[in-house]
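A quick write-up on the structure given underneath.
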Amino acid sequence: MSFISDLIIQWGPLITAVITAIIAYITLKVSQSANQSADETYELNKQALKISIDSKELNNQTFMIMNETKKINE
């Protein structure tokens, strides 16, 4: 039993350090993935906003054309 206790005492800190390093690495990769997803979402939101602005402008132009058409038909 003394041998196992000595082994745990001797290698315990190293095993703990390795496990901590693995957890830190996994956390880093998950964080990088989340940041990439956030960047992609930001870019998609910018594109959606531009489409929305373009759509509004098109609606305004359509409304003006309809008003002009109405004036011509009167």
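Points to keep in mind about this one:
- In Hz, Karplus ³J(HN,Hα) per residue of region 61-74 (6.51, -1.76, 1.60; θ = phi - 60°; x = Gly, Pro): 5, 4, 4, 5, 5, 4, 5, 5, 5, 5, 5, 5, 6, 7
- Size of electric dipole in region 35-74: Cβ of Lys, Arg +1 and of Asp, Glu -1, about Cα centre, debye, nearest 20: 220 debye
- Using Cβ point charges alone (K and R +1, D and E -1), the dipole size of the chain about the Cα centre works out to roughly 140 debye.
- Apolar share of the accessible surface for the chain: 67 percent from carbon plus sulfur atoms, 1.4 Å probe.
- Segment residue 38-residue 20, length gained on full extension (0.36 nm per residue, minus Cα span): 3.8 nm
- Whole-Hz ³J(HN,Hα) from phi, Karplus 6.51 cos²θ - 1.76 cosθ + 1.60, for region 43-56, glycine and proline x: 5, 5, 5, 4, 5, 5, 5, 4, 4, 5, 5, 4, 5, 4
- Cα extents for the chain along the principal axes, largest to smallest and rounded to whole angstrom: 105, 15, 7.
- Helix-only mean residue ellipticity at 222 nm for the chain, each DSSP H run of n ≥ 4 adding -39500 (n - 2.57), per residue, nearest 500: -37000 deg cm²/dmol
The values are calculated or read from the model by the stated rules, or taken from the named source; none is laboratory data. These figures come from a predicted structure and were not determined experimentally. No Cβ is skipped: glycine too gets one built from the backbone with ideal geometry, and neighbour counts run over all protein chains shown. Heads up: the accessible areas ignore ligands, DNA and RNA and are worked out on the full protein's heavy atoms, side chains in. Shrake-Rupley method; radii C 1.70, N 1.55, O 1.52, S 1.80 Å.
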